[in-house]
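Written below as structure tokens is the structure these notes are about.
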Amino acid sequence: KKEHEIMVRNIAAQAAIALDNSQLFEKVKSLSEKKDEFIALASHELKTPLTTIKGYLQFLENKIEEPRIKLFLTKTLDQANRLNNLIDDLLNMSRIEAGKLQFNYERFDIKELLQEMCETFNYTEGSHQLISDFGDDPVYVKADKQRIEQVLNNLLNNAEKYSPNADKIYLKLKNDDKKATVTVEDEGLGLTPEQQQMVFSRFYRAESTKGINGLGLGLYLTKQIIDSHSGELAVKSEEGKGSEFYFSLPLDL
Ligand code: ADP
């Protein structure tokens, strides 16, 4: 009988702990949701005035002839765009957490998108030259074009940011009969095998690159976007030599 009583008491104690844990879990979950809501709200509020600022800056940049002032305006606009991208990252992160990231799928030629982006990249003032290798034929995918553009911008900006002593970046497109694969290659700082494992986690930033600014959200978002397209995203890298980030998307035949 005594054994029985001890058993019942043990079960009751375990049940109490489980209840406590589940209440704690609910509390943490609700706090975490509040945090994401706050980030979403704050990012949205920050974006509104920034859009107006960008509009006026663009107008002035087009109107002003004086080269020095024009240069200052271009630089200010670049920084405003950077700020805008950071806010977008935060906004997208909170949407992912809330399961609210939406996609508009359409059929398009990814080669054409890459060509356009390559031109813009090489036209925009920057220290790196983007070298392309796309093959001859169009490559059709069914995807959210804007999101894929965002993925490419992330990878290209990273390649530039994390290769301060190099001057070239390589952008390649290949396909087999099932999928298209895009590769962004740099000759920069590179990553150790341990860092490569962590690189797609939220807020992760490799110790060796902490001197370069960033939030550690770009690759996390990139991964979520590619996963949602039933694609694959991966990295090959060697410390001190450079990195190769590549993603594949199913073809739309
Ligand atoms: P951020 O660049 O804002 O830090 P990301 O999520 O894009 O955020 O990247 C996460 C981390 O991965 C970076 O902080 C950097 O340490 C590492 N990383 C990303 N791309 C590269 C690259 N091309 N070469 C070396 N390290 C990289």
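The values are calculated or read from the model by the stated rules, or taken from the named source; none is laboratory data. All figures in this text were calculated on a predicted structure; none of them were measured in a lab. A quick note on method: Cβ atoms are made from the backbone with ideal geometry, for glycine too, and the neighbour counts reach across all protein chains shown. Accessible surface is based on the protein model in full, side chains and every heavy atom, while ligands, DNA and RNA are left aside. Shrake-Rupley method; radii C 1.70, N 1.55, O 1.52, S 1.80 Å.
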Over the range 217-231, the set of residues farther than 22 Å from residue 166 by Cα and surrounded by 15 or more Cβ atoms within 10 Å (Cβ to Cβ) is 217, 220, 221, 222, 223, 224, 225, 226, 228, 229, 231
State all residues of the range 213-243 that are assigned to a strand (DSSP E or B) and either closer than 20 Å to residue 113 by Cα or of a type in the set (S, T, N, Q) (or both); if no residue qualifies, say none.
-> 232, 233, 237, 243
Which members of the range 126-144 meet the condition of being in contact (Cβ under 8 Å) with a residue 40 or more places away in the chain and either loosely packed, with under 13 Cβ neighbours inside 10 Å or of a type in the set (Lys, Arg) (or both)?
-> 127, 129, 133, 135, 142
With criteria (1) over 19 Å from residue 245 (Cβ atoms); (2) among the β-branched types (Val, Ile, Thr); (3) at pLDDT 95 or above, residue 124 comes up short on (3)
Can you confirm whether the range 120-138 contains a residue that is away from the ligand (no atom under 16 Å from the Cβ) and touching a Ser or Thr at 6+ places or on another chain (Cβ under 6 Å)?
-> no
When the range 155-209 is checked residue by residue, the ones that are of a type in the set (A, V, I, L, M, F, W, C), open to solvent by 40 Å² or more (accessible area, probe 1.4 Å) and in a loop (DSSP other than H, G, I, E, B) are 189, 203
Within the range 108-154, tally of residues that are closer than 17 Å to residue 226 by Cβ and in a loop (DSSP other than H, G, I, E, B) | 2
